[in-house]
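Written below as structure tokens is the structure these notes are about.
Throughout, read-outs are computed from the coordinates displayed, never taken from laboratory work. Source: prediction; values computed, not measured. Please note: Cβ atoms are built from the backbone with ideal geometry, for glycine as well, and neighbour counts cover all protein chains shown.
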2 protein chains.
Amino acid sequence: MDCNNFLNDEDILKDQNRIQPFLNAITRNKHLFKDKVILDLNAGLGLIPVILSRSGAKQVFAMKSHDHAQKIMEQNNVNNVTLHKKSIKEVELECKVDIIISAWMGNLLFYRGNIQELIAARDKYLNKDGLILPDKGQLLLQSIEDGEYREQKLTFWDSVYGVNMKWMKRWVKHEPLLESIRQDQLNSDPVLIYEVDLMKCTLEDLSFSNSYQVQINRQDFVTGVIVWMKYSFTFTHLPIDVIMGPSKSPFWKPVILYFNEEIPASKGDKLKGSLAMKFISEDLIDLKLSVHTKQYHQIQYFRLN
Amino acid sequence: MDCNNFLNDEDILKDQNRIQPFLNAITRNKHLFKDKVILDLNAGLGLIPVILSRSGAKQVFAMKSHDHAQKIMEQNNVNNVTLHKKSIKEVELECKVDIIISAWMGNLLFYRGNIQELIAARDKYLNKDGLILPDKGQLLLQSIEDGEYREQKLTFWDSVYGVNMKWMKRWVKHEPLLESIRQDQLNSDPVLIYEVDLMKCTLEDLSFSNSYQVQINRQDFVTGVIVWMKYSFTFTHLPIDVIMGPSKSPFWKPVILYFNEEIPASKGDKLKGSLAMKFISEDLIDLKLSVHTKQYHQIQYFRLN
């Protein structure tokens, strides 16, 4: 349903997983917003600006607003929201702000998100004691077994309507899959592999190289790992964690990365390796996954593009 | 799954509804392709070029080919395919061609398709007795009753998480919906509203204003119409019709257009009106739907954008 703007807005608004945490962060934490100047980086039809205004905000600057947002402000008797159709990069604000609200998230936290825009807006406009919502992000990693699905995906290229496309297999192996997985295909608990604090991170902090160790919880093969994300509002009276887990199918999907060869493992085995992520831009992220066991030492390279 | 090119190719290749008619048109009609020079406007990984070569083509010019297509040609021992990564608009061919193959189709035949490219390539490169595959397109119209769904869609805007967005209703009414419908929501048989012959159509022919008359097949309300498409290969030994009907969910979805008010109708009633489509570009199509009964005379304007 991408034929027009209203329906995109409608789909986003109807996605409670995305909207409700923002609403809770505001309406249950009016003490944060009372008499504050607030910058909403992605206002759309203006839902969040109206809620901010009702929650006591002094002034709201609302970027990337929809053509119809002005009328919606009027019909809700809101008169302290300044709407801009452009993004913050193209607008000059008249003052600093106390709070920035931004859905900066994408897959793997940053892919197809708005993190660069948020960092630029923070450095230019956020007061020294200002806040960002949501302000924290985490990536978690778990080992998986989905050899059958992987084999199907590879076998497909052997004969595509009778045409030999085996050549594609070597490339498909290095494709990160933006897909969920069934709960029973996870064979370790999740471990934290990366954490980011939006209040102070730089563009450089979006790239990392961290080691991991997962404990395999059954006799199984390990075909690769799944990396999923969590983001949090930590300034609220009760912290709000939003988990985009491995086995639901949320808006921001987890990413499956396969080892070159599957690894036989027994219950209790510890699998060690490292994951490096190089943030080049929101549309280009390079990944390097390694795994080490007594028998196996594998390094795989992936690209989200 | 739009994170990379291979997977898009994979999804398209796996969509048998789209691929199989092209394969049938070629492999069951080798007499058309034997010793012919052929232009494939959208080669991708090269499936169709390989099939064309195997079917006796003398020479294939394959546009918009994927980086890996050359290797696939080699591994299939194909050496009479000339691959170009660019589109036909950016390439100068050395000779005219006997056949053009193009997936020129989009929603409502032309929306987000490649019709302008095909017409330009035809006028510049197709021999006088040349062929286009597929060569015909039709739009069919049926009346529908889906008042409940429409009401839900409108009611949503009354209160969006407590915010009054009623203003959006007047706009949402003029949104064409790219959606399928259940078979039991159709209350007339389909009627042909438009037909196009790719062998001779001009850009002007892509716009039209035609009247329709449907016979309502039960006591019901009519909330609007659904317009769906069919495209055909008519030069093949047996004509091949591909029906993108109202109630399956194929790649090219039908379009639902609502009347301003629903119309009560009885079995046997004849509903008359007209549908005009103004093709501005592949990304911008204006629609005008009218309906006339004794009590009702309504005109609605829509835009696919």
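Taken one residue at a time, the phi angles of region A:195-212 give Karplus couplings (6.51, -1.76, 1.60, θ = phi - 60°) of 9, 9, 10, 5, 5, 9, 5, 9, 4, 5, 5, 6, 9, 7, 9, 10, 8, 9 Hz. Gly and Pro are set to x. Phi angles across region A:276-286 convert, under the Karplus curve 6.51 cos²θ - 1.76 cosθ + 1.60 with θ = phi - 60°, into 3J(HN,Hα) values of 10, 10, 10, 7, 9, 7, 5, 9, 8, 10, 9 Hz, Gly and Pro given as x. Peptide A:162-175 has a mean shielding of 6, counted as Cβ atoms of other protein chains within 10 Å of each residue's Cβ. Computed over all pairs of different Cα atoms, the Kirkwood value for the hydrodynamic radius of region A:3-101 is 13.6 Å. Take each residue of peptide B:18-31, count the partner chain Cβ atoms within 10 Å of its Cβ, and average: the result is 1. Under 18 Å from a point 7 Å along the Cα-to-Cβ line of B:R170: which residues of region B:276-302 have their amide N that close? In region B:276-302, the label zone of B:R170 (backbone N under 18 Å from the point 7 Å along Cα→Cβ) covers B:299-302.
Modelled spin labels at B:K89 and A:K34, positioned 7 Å past Cα toward Cβ, are 5.8 nm from each other. Scalar couplings 3J(HN,Hα) for region A:135-147, obtained by applying the Karplus form with A = 6.51, B = -1.76, C = 1.60 to θ = phi - 60°, are 10, 9, x, 9, 10, 10, 10, 9, 7, 9, 10, 9, x Hz; x denotes Gly and Pro.
With both labels modelled 7 Å from their Cα along Cα-to-Cβ, the B:K58 to B:T82 distance reads 1.3 nm. Once you reduce region A:28-82 and region A:196-254 to the center of their Cα atoms, the two points are 30 Å from each other. Loop-located trypsin sites (Lys or Arg not before Pro) in region A:234-305 (DSSP state not H, G, I, E or B) with no more than 10 neighbouring Cβ atoms inside 10 Å: A:K294. Only helices enter this figure: runs of n ≥ 4 DSSP H residues, each worth -39500 (n - 2.57), summed and divided by the residues of chain B, yield -6000 deg cm²/dmol at 222 nm to the nearest 500. Calculated on C-alpha atoms, the gyration radius of the protein assembly as shown divided by its Kirkwood radius gives an Rg/Rh of 1.01. Counting Lys and Arg as +1 and Asp and Glu as -1 over every other residue whose Cβ lies under 11 Å from the Cβ of B:K230, the net charge comes to -1.
For chain A, the longest principal axis of the alpha carbon atoms and the long axis of helix A:16-27 meet at an angle near 40°.
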